[in-house]
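Everything below concerns the one structure shown next.
The values are calculated or read from the model by the stated rules, or taken from the named source; none is laboratory data. The model shown is predicted, which means the values in this text are computed figures rather than measured ones. Glycine also receives a Cβ, built like all others from the backbone with ideal geometry; neighbour counts cover every protein chain displayed. Remember, those area values only see protein heavy atoms, side chains included, never the ligands or the DNA or RNA. Shrake-Rupley method; radii C 1.70, N 1.55, O 1.52, S 1.80 Å.
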Amino acid sequence: MYEKLTPPKTGEKVTFKNGEPVVPDNPIIPFIRGDGTGIDIWPATQKVLDAAVQTAYKGKRQISWFKVYAGDEACDLYGTYQYLPQDTLTAIKEYGLAIKGPLTTPVGGGIRSLNVALRQIFDLYACVRPCRYYAGTPSPHKNPEKLDVIVYRENTEDIYLGIEWKQGDEIGTRLIKLLNEELIPATPEHGKKQIPLDSGIGIKPISKTGSQRLVRRAIKHALTLPKQKQMVTLVHKGNIMKYTEGAFRDWGYELATSEFRNECVTERESWILENKEKNPNITLEENAHMIDPGYDALTPEKKAQIVKEVETVLNAIWDTHGAGKWKDKIMVNDRIADSIFQQIQTRPDEYSILATMNLNGDYLSDAAAAIVGGLGMGPGANIGDACAVFEATHGTAPKHAGLDRINPGSVILSGVMMLEYMGWQEAADLIKKGLGGAIASGQVTYDLARLMEPAVEPLKCSEFADAIIKRFN
Ligand SMILES: NC(=O)C1=CN([C@@H]2O[C@H](COP(=O)(O)OP(=O)(O)OC[C@H]3O[C@@H](n4cnc5c(N)ncnc54)[C@H](OP(=O)(O)O)[C@@H]3O)[C@@H](O)[C@H]2O)C=CC1
Ligand SMILES: O=C(O)CCC(=O)C(=O)O
Ligand SMILES: [Mg+2]
């Protein structure tokens with residue numbers, strides 16, 4: 001079955017039932033060390049995970065690690081350009097869960113991202129990146145503790161799908177000509193627009209299926225959160241890209257108000273309901289006027305549409321959601337992408353789950369991680385219905401590689417996410433306690449040490465792992 005790998009002799013497979021993992025007490029879990037700083041981060045992470053599992057379960061549960069290869073290490077073992085060997089894919093498919101360090105993607109040429117390839121191959125459609133603050137972490141923000149969000153990023157489509165043609169490419173040029181000469185003129189709303197012939201071209205597909213399965217997962221996650229965090233914000237640039245980004249928003253609302261009708265209320269619905277609660281005799285038109293600030297300037301047709309919307313909402317959900325009942329539902333709202341970047345800084349406590357398309361989520365997860373301490377504190381998980389691969393938000397940080405100085409926090413916290421996903425909460429809690437304790441006592445790696453006031457002497461990557469483990473008991 002494997003060309004160059006031998007799975008551990010002990011341990012069992014994780015299986016999946018209805019999209020959820022079924023985890024034995026001794027699961028076999030494949031890991032990819034990663035390129036660059038992976039060489040420092042992975043040993044530190046494995047040590048912390050093993051120590052936590054041992055402390056929590058005293059041998060009753062343990063992980064059998066299965067080393068698999070990707071990136072530079074894979075080329076060393078399998079040969080030139082063998083960045084993602086079949087053995088690795090077979091192992092991840094077979095064992096269901098995996099964890100990885102970062103992998104290099106050269107900018108502007110060579111291999112396409114291995115990280116993205118793994119997500120696409122295993123249909124890991126939800127990239128889940130929580131950004132929460134650990135007390136004592138230095139931050140450029142005044143109140144970083146107010147940010148506690150989870151970026152739920154669609155992980156398989158968008159411009160990130162990688163369907164692109166280089167400037168000057170023959171097929172790319174044919175495509176531009178087809179668009180300019182036939183398809184754009186055949187679409188009246190595009191007017192006389194033309195694509196410059198010397199353009200590179202990228203395709204941005206956003207599907208209804210892809211959008212809704214992501215939002216479905218986000219809403220299900222929201223249902224597990226404390227009441228005050230039960231919110232899902234659909235992030236998009238739909239004012240400009242109406243049929244991709246705008247459609248993501250619309251499909252998100254459609255799903256929330258159909259599949260989760262009883263569990264969700266949209267922001268706009270909540271305004272309509274609240275207006276009637278405050279004034280039971282309010283007319284439909286008065287209500288419409290209140291929910292749309294520009295109402296007076298609208299055309300009669302548009303005004304009639306909003307009045308109809310108010311009527312439809314009241315008829316559909318007044319009984320189930322009215323009289324304040326909506327306050328116990330998941331709030332689903334939407335924000336324009338550029339605006340959300342300032343909102344997470346100026347009003348962080350108003351947000352919880354941020355459901356995004358692929359590219360917006362890529363940007364937003366780095367930005368949100370920066371608020372709570374930087375990329376060394378940004379964990380993540382790529383989750384599908386039959387497989388999950390855990391990895392940090394950051395990349396290989398090559399200038400720090402092999403120096404035993406980088407912060408392993410993000411991959412360790414990705415391990416915490418994996419333990420929680422497995423239902424091994426006790427081990428996950430120990431690591432969060434240990435990591436929180438180490439940071440609170442100023443025992444941190446260079447990235448956090450340089451921001452601390454007063455300054456502290458940085459720990460090495462390996463020493464940070466030990467500082468976490470020391471605090472388990
Ligand atoms: N999932 C993955 O495997 C990903 C892979 N990549 C790939 O990684 C490579 C390098 O990308 P690059 O743009 O340099 O981005 P990186 O995220 O690798 O690093 C950028 C900077 O972020 C900080 N940083 C990153 N990781 C940590 C950490 N663990 N602890 C503390 N600080 C950290 C460092 O800042 P400072 O030096 O200021 O301290 C570092 O120089 C590229 O090939 C890229 O494509 C990128 C993102 C994700
Ligand atoms: O794979 C890469 O090179 C980049 C991926 C990335 O930035 C991310 O997933 O956040
Ligand atoms: Mg990124």
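Using only Cα coordinates, the Kirkwood hydrodynamic radius of region 123-250 works out to 17.9 Å. For the chain, the share of DSSP beta bridges that are antiparallel, to the nearest 5, is 40%. Carbon-plus-sulfur accessible fraction, region 264-327 (probe radius 1.4 Å, protein heavy atoms only): 54%. With Cα atoms as the point set, the radius of gyration and Dmax of region 264-327 evaluate to 11.3, 34 Å. When the chain is described by a simple charge dipole with +1 on each Lys and Arg Cβ and -1 on each Asp and Glu Cβ, the residue from Thr90, Ala449, Pro188 located farthest towards its positive end is Ala449.
Taking every DSSP bridge with both residues inside region 1-108, close to 25 percent are antiparallel.
The residue among Tyr57, Ser199, Tyr253 whose Cα reaches farthest toward the positive pole of the charge dipole of the chain, with charges on the beta-carbon of Lys, Arg, Asp and Glu, is Tyr57. Rounded to the nearest 20, the Cβ-based charge dipole of the chain about its Cα centre (Lys and Arg +1, Asp and Glu -1) stands at 840 debye.
As I understand it, the value is the acute angle between the Cα axis of helix 208-223 and the longest principal axis of the Cα atoms of the chain; what does it come to in degrees, rounded to 10? In the chain, helix 208-223 runs at an angle near 80 degrees to the longest axis.
Assuming charge only on the beta carbon of Lys and Arg (+1) and of Asp and Glu (-1), the dipole of region 264-327 about its Cα centre is about 140 debye to the nearest 20. Sorting Phe31, Phe16 by solvent-accessible area of protein heavy atoms yields Phe16, Phe31, largest first, with a 1.4 Å probe. When the Cα positions of Ile39, Ile383, Phe472 are compared along the charge dipole of the chain, Phe472 comes out farthest toward the positive end, with charges on each C-beta of Lys, Arg, Asp and Glu.
Looking at the chain, the accessible area is 46 square angstrom per residue; that uses a 1.4 Å probe and ignores ligands, DNA and RNA. Pairs from the list Lys329/Lys432; Lys93/Lys227; Lys100/Lys327; Lys4/Lys47 with a Cα-Cα gap above 31 Å: Lys93/Lys227; Lys100/Lys327.
The coefficient of translational diffusion for region 324-473, derived via Stokes-Einstein from the alpha carbon Kirkwood radius under 37 °C and 0.692 mPa s, stands at 190 µm²/s. The residues packed around Leu77, meaning those with a beta-carbon under 13 Å from its beta-carbon, carry a net charge of -2 if Lys and Arg are +1 and Asp and Glu are -1.
For the peptides 47-56, 239-248, the ranking by packing is 47-56, 239-248, with the highest mean count of neighbouring Cβ atoms within 10 Å listed first. Axis of helix 86-95 versus longest Cα principal axis of the chain: the two differ by about 70°, to the nearest ten degrees. Between Asp328 and Glu94, the FRET efficiency from the beta-carbon distance, with R0 = 41 Å, is close to 0.45. Across all directions, the average projected area of the convex hull around the alpha carbons of region 327-392 is 5.8 nm². Overall, the ratio between the Cα radius of gyration of region 1-51 and 2.2 N^0.38 Å, rounded to two decimals, is 1.41. Computed per residue of the chain from DSSP H runs no shorter than four, each worth -39500 (n - 2.57), the mean residue ellipticity at 222 nm is -12500 deg cm²/dmol. If you bin all the Cα-Cα distances of region 1-145 at 10 Å, starting from zero, the percentages per bin are 10, 32, 35, 18, 5, 0. Computed across region 32-96, the Kirkwood hydrodynamic radius from all distinct Cα-Cα pairs reaches 13.3 Å. Set the Cα radius of gyration of region 190-321 against 2.2 N^0.38 Å, with N its number of residues, and you get 1.31. Convex hull volume of the Cα atoms of the chain, normalised per residue: 180 Å³. Principal-axis analysis of the Cα atoms of the chain puts helix 245-256 at an angle of about 90° to the longest axis. Counting charges near Gln425 (Lys, Arg +1; Asp, Glu -1) among other residues having Cβ under 14 Å from its Cβ returns a value of 0.
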